[in-house]
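Shown next, in structure tokens, is the structure this report addresses.
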Amino acid sequence: MRTCPDCGRELAPGEDRCPLCGAEAAEPAPPALGDTLDELADRAASSPEGPLPEGGDTPPAFGEGVVSDFDAPPAEEVKPKRKAAVFVPIAVACAVVLGLAVWLASGLLKSPDKGFLAAHRDLLQSIAQNELAFLAPSGQEAETANVDMTLTAQVDDSLGEAAAILNGAALRMQLEGGKDGAILDAALDLGGDTVLEATVTGNKDGVVGFYIPQFSETYYIMDYFQFVENNSGGEFSADDIPDDAAAWERTLKTYGDILAGVVNKNNVKKVSGTFSSFYMPTVQYSGTAYVFTPTAEDLETMFTQMADALEKDQTLVTLVDGLTDDMLAEAVDEIRTNGPEAARAVADSGFTWTIRVGKGDHGRNSQIEVSWDDGQNSVCLERRTEGGYDDGVYFSVSVDGEEAVKLSTAHTGVDGTWFGFARAGDVFADFQQIDLGKRSTLGLCYGSYNVNVGEDKTLLFSMGVAAGEDGGTDHEVRVYTDTEGNCITLNLHTTDQPVSLTFPDAQREDITGYTTEDFEALGESWSEGVSALATQFVLYAYQHQ
């Protein structure tokens, strides 16, 4: 009996519209041969737990209470009526048997490893497109930076001279930059007077410069790459820096392919059933799980391939700060020496990697769970779209049976803002009323952020981002110095208006070839300006105590 796709009312044969709610309910078209083959192959490839249960108020726990079609009682035998042409039913029967054999064979040979990898891809893509999309600027924003901001502070008077200076000071900064270069102007004000100015510049060719008129009327410039080459004995230039985005893409693909290559039809099991939400156990989803349990031989092969790739890698050293060729060579030796033992240890620990996929889009109601040591240690990731939340992500790390790290975000359906929390040890952070559609030129979303510590959640840090009274955005940051509520308050205002900066109009001096003695002489020439600046600070603090 057909039912209405909207209200569930039973429909009579021939009805193409529900008489109760008016929803369209066209007669289903007969399945194409290809669809039937795929459906039967999927069912044959599933585990003995069989298909998903239908009906019932509370679905069974994942992998339990599921009845297999193979265990169903045989249907009552119905004797067909004898036809004149006996060879017709015999031919049909042979065709059916042959077809079933082909379908079952294709299902038994179908590997679940492709589903395991596809589910990961779709889940991570879904998270990137939803939760992380706002972090990736596009268009002109991706190529330029343009900020005009003013930073002021309020400090408790008990800090003495420091409080007097900070409470009457303002730091003004303007930044304009793009793919070809950047320029930063900064000024420090005391009581409305500018006491220090500075300009810092740089371009894509590695030429940097700085200008501090209170110290010197000279605009100093330097070819940074040439300076490094002069003082390190090696050759270095802007051309040595790879295109980071493309290099990271190639690197991730190389090592991602090695990891994906471990997965095969012999170490992935596909099962059907229901699973509970990590964050809200009362919420359950129906779907399919892929359980990946690698053998020691699988892991040893992966370690060998990883060592081979690292040995030939030419980009990691340039991409990762602090990484050297010697360190990479030591890592390769370590993997080759201890890889077999590590592979056995991982396999013996009961390591499993499970991804659970709800019905429909892999990116909705999906989970990744990696566990070892009988589940005492685990890493869990879930994206959920049911249970009162929309587009939420939950992440947790458990060590020795204790949850050490937890992160949860949720998107409310009322006002469209985000809220959530994160915890690591005794540190607890929460964010509320986060509006992803409203950001300052610093890229911070409107909303409130808090960081607490300890069981009593003592407030350490808070920040509020909101529209300013006269336009722009106000960022109020509070750092608490005790449990009594005393704090240092920093007010950062951005005009959210574009700025247009120019390079200093002053005499230039190239200091690329400066020696240690030259820099010492430069510092001495600034001593008079530094002393004058320090005197201004002391006098200002004394006058405003």
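Tabulated data
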item: Boolean, residue 516 is more than 30 Å from residue 470 (Cβ to Cβ) and in contact with a strand residue (DSSP E or B) (Cβ under 6 Å, 6 or more places away or on another chain); result: no
item: Residue ranges of strands (runs of 3 or more DSSP E) in the stretch 175-225 with at least 1 members among the β-branched types (Val, Ile, Thr) and under 36 Å from the mean Cα position of the chain (by Cα); result: 181-190, 193-203, 207-211
item: Answer residue from the stretch 353-385, given it is at positive phi and modelled with pLDDT of 85 or more and is surrounded by the fewest Cβ atoms within 10 Å (Cβ to Cβ) among those; result: 374
item: Strands (runs of 3 or more DSSP E) completely within the stretch 446-520 that count 2 or more residues being in contact (Cβ under 8 Å) with a residue 24 or more places away in the chain and in the same structural domain as residue 167 (by TED's automatic domain parsing); result: 507-510
item: Of all residues in the stretch 261-301 being buried (at least 19 other Cβ atoms within 10 Å of the Cβ) and among the aliphatic types (A, V, I, L, M), the one that is farthest from residue 355 (Cα to Cα); result: 299
item: Which numbered condition residue 460 fails, given (1) under 27 Å from residue 412 (Cβ atoms); (2) modelled with pLDDT under 90; result: (2)
item: Residue pairs meeting the criteria (Cβ under 7 Å; at least 6 apart or on separate chains; first modelled with pLDDT under 90, in the stretch 415-432; second outside any strand (DSSP E or B) and polar (S, T, N, Q)); result: 419/412
item: Test for residue 435: is it in a strand (DSSP E or B) and either within 27 Å of residue 151 (Cβ to Cβ) or at pLDDT below 95 (or both); result: yes
item: Number of positions in the stretch 492-538 that are closer than 30 Å to residue 169 by Cα and among the hydroxyl-bearing types (Ser, Thr, Tyr); result: 8
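The values are calculated or read from the model by the stated rules, or taken from the named source; none is laboratory data. Worth saying up front: this structure is predicted, and the values here are computed from it rather than measured. Don't worry about glycine lacking a Cβ; one is built from the backbone with ideal geometry, like all the others, and counts go over all protein chains shown.
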